[in-house]
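Engineer: Can you read through this structure? Questions will come right after.
No lab work stands behind these numbers, since they all come straight from the coordinates. These numbers were taken from a predicted model, which means no experiment stands behind them. So basically every Cβ, Gly included, is an ideal-geometry build from the backbone, and we count neighbours across all protein chains shown.
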Amino acid sequence: MTVPLLRTEHLAKTYDDGDVHAVVDINLEIQRGEFVAIMGPSGCGKSTLLNILGGLETPTDGAVYFDGQPLAALDDLDHFRSHHLGFVFQSFLLLPTLTALENVQVPMFESDLWASQRAQKATELLTTVGLAHRLDHLPSKLSVGERQRVAIARALANDPSLVLADEPTGNLDSKSAVEILELFSTLNRDRKITLVVVTHWQGLAEYCTRLIRLSDGRVVSDEKMPGKSDDRVESTRQA
């Protein structure tokens, strides 16, 4: 039996002495090669769930397993995140004094790559996201859509098994949002990258291979998108 890349077991998160139930008894399995959209209204627990999946928050109850290993058993979550996960945030979180090329290299500083190798890899990643002509630009000289593309390239810098994105289109106009989702879809299809994206934007459903809906911290539906899921996941297993 194939071990899921990510699995949760009775996951729960409460705040304010137990008065706020952000995540309630969530059991999920995410396979390699899936493009999973987690959707729901503001305040339904999407971002909290994503933060727990990425080891940025600790659950009140339950457990998260990555490739069969419980995150709670790891001694160094920072090391785990830097070697296995990529993060994309709504606010980009680019360093303002660094160029696009330099921002993408930041996750590589813990690697064994030489400076020239880091620069070459960052160039290749920025080319992949369509920014070969913006390598030396500071974030302030980039459009919001271009900043998000830099953030995506940075998320890929450590060759992650899983990319987690929190409202990646939230600060974008509709045209830029579609371009980012098409980029995600291409990365999932062509590079076999597993994606988990949280959003309240309904348009994401057209691009993902699986759609999970949350309400009041609970999973209320979980469906594969016809014609997408099986082919992508199966090709990842065979790769």
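Engineer: What does the charge dipole of the chain about its Cα centre add up to, to the nearest 20 debye, if the Cβ of each Lys and Arg holds +1 and the Cβ of each Asp and Glu holds -1? Spell out each step's value before the answer.
Structural biologist: Values: 23 positive and 33 negative charges, 166 e Å.
Magnitude of the dipole: close to 800 debye.
Engineer: Rank the residues Tyr15, Tyr65 as a footprinting-exposure proxy: fewest other Cβ atoms within 10 Å of their Cβ go first. Show your work: numbers first, answer last.
Structural biologist: Details: Tyr15 11, Tyr65 18.
Result, fewest neighbours first: Tyr15, Tyr65.
Engineer: Next up: Compute the normalised compactness of region 1-91: alpha-carbon radius of gyration over 2.2 N^0.38 Å, N being the residue count. Kindly include the intermediate steps, with their values, before the conclusion.
Structural biologist: Numbers: Rg = 13.2 Å, N = 91, 2.2 N^0.38 = 12.2 Å.
Dividing the Cα radius of gyration by 2.2 N^0.38 Å gives 1.08.
Engineer: To continue, here is another question. What percent do you get for the relative contact order of region 79-143 when only Cα pairs under 8 Å and 6+ apart count? If you can, show how the numbers build up before the last one.
Structural biologist: Numbers: 41 pairs, mean separation 27.8, N = 65.
Answer for region 79-143 is 43 percent.
Engineer: Between Phe109 and Val3, what is the label-point separation in nm under the 7 Å Cα-to-beta-carbon projection?
Structural biologist: Once both label points are built, they end up 3.2 nm from each other.
Engineer: Please find the FRET efficiency linking Lys175 to His137, where r is the Cβ-Cβ separation and R0 is fixed at 30 Å, and quote it to the nearest 0.05. Before the final figure, lay out each step's value.
Structural biologist: Values: r = 20 Å, r/R0 = 0.67.
For Lys175 and His137, the calculated efficiency is 0.90.
Engineer: Taking the Cβ of each residue in Cys44, Cys208 as the centre, tally the other Cβ atoms inside 10 Å and list the residues starting with the fewest. Numbers along the way, then the final one.
Structural biologist: Numbers: Cys44 22, Cys208 26.
By the 10 Å Cβ count, ascending: Cys44, Cys208.
Engineer: Which net charge results for the neighbourhood of Leu172, defined as the other residues with beta-carbon distances under 11 angstrom from its beta-carbon, given Lys and Arg at +1 and Asp and Glu at -1? Write down the numbers at each step before the final one.
Structural biologist: Working: positive: Arg147, Arg149, Lys175; negative: Glu146, Glu167, Asp173, Glu179.
Around Leu172, the charge tally is -1.
Engineer: Another question, if that's okay. So in the chain, what percent of DSSP beta bridges are antiparallel if you round to the nearest 5? Intermediate results must be reported in sequence, preceding the final value.
Structural biologist: Values: 20 of 39 bridges.
Close to 50 percent.
Engineer: Now for a different question. Counting residues in the chain as N, plug N into 2.2 N^0.38 Å and put the Cα Rg over that result. Please list the in-between numbers first.
Structural biologist: Details: Rg = 17.5 Å, N = 239, 2.2 N^0.38 = 17.6 Å.
Working it through for the chain, the quotient is 0.99.
Engineer: Between beta-carbons, use under 13 Å as the cut-off and find the net charge around Ser42, counting Lys and Arg +1, Asp and Glu -1. Intermediate results must be reported in sequence, preceding the final value.
Structural biologist: Details: positive: Lys46; negative: Asp166, Glu167, Asp216.
With Lys, Arg at +1 and Asp, Glu at -1, the neighbours total -2.
Engineer: Here's something else I'd like to know. Going through the cross-link list Lys121/Lys192; Lys46/Lys192; Lys46/Lys175; Lys192/Lys224; Lys46/Lys121, which pairs have a Cα-Cα distance over 21 Å in this structure? Intermediate values should be presented prior to the final figure.
Structural biologist: Values: Lys121/Lys192 18 Å; Lys46/Lys192 24 Å; Lys46/Lys175 24 Å; Lys192/Lys224 17 Å; Lys46/Lys121 32 Å.
Among Lys121/Lys192; Lys46/Lys192; Lys46/Lys175; Lys192/Lys224; Lys46/Lys121, the Cα-Cα distance tops 21 Å for Lys46/Lys192; Lys46/Lys175; Lys46/Lys121.
Engineer: Given H placed 1.01 Å from N in the peptide plane, which residues other than close sequence neighbours of Leu6 have an amide H under 5 Å from its amide H?
Structural biologist: Ile30, Asp67
Engineer: Pull out a ≥ b ≥ c, the square roots of the eigenvalues of the alpha-carbon gyration tensor of region 38-121, then state rounded if a/c is under 1.5, prolate if not and a/b is larger than b/c, and oblate in the remaining case.
Structural biologist: The shape class here is oblate.
Engineer: Okay, moving on. In whole Å, what are the extents of region 81-145 along the principal axes defined by its C-alpha atoms, from largest to smallest?
Structural biologist: Ordered largest first, region 81-145 gives principal extents of 32, 24, 22 Å.
Engineer: Further, regarding this structure: I need Ser116, Ser161, Ser215 ordered by Cβ neighbour count within 10 Å, fewest first. Walk me through the numbers on the way to the answer.
Structural biologist: Details: Ser116 8, Ser161 16, Ser215 13.
Final ranking by Cβ density, sparse to dense: Ser116, Ser215, Ser161.
Engineer: Once R0 is set to 22 Å, what does the formula 1/(1 + (r/R0)^6) return for the Cβ-Cβ distance between His83 and Arg189, expressed as a FRET efficiency to the nearest 0.05? List each step's numbers first, then the result.
Structural biologist: Values: r = 24 Å, r/R0 = 1.10.
Once rounded, the FRET efficiency stands at 0.35.
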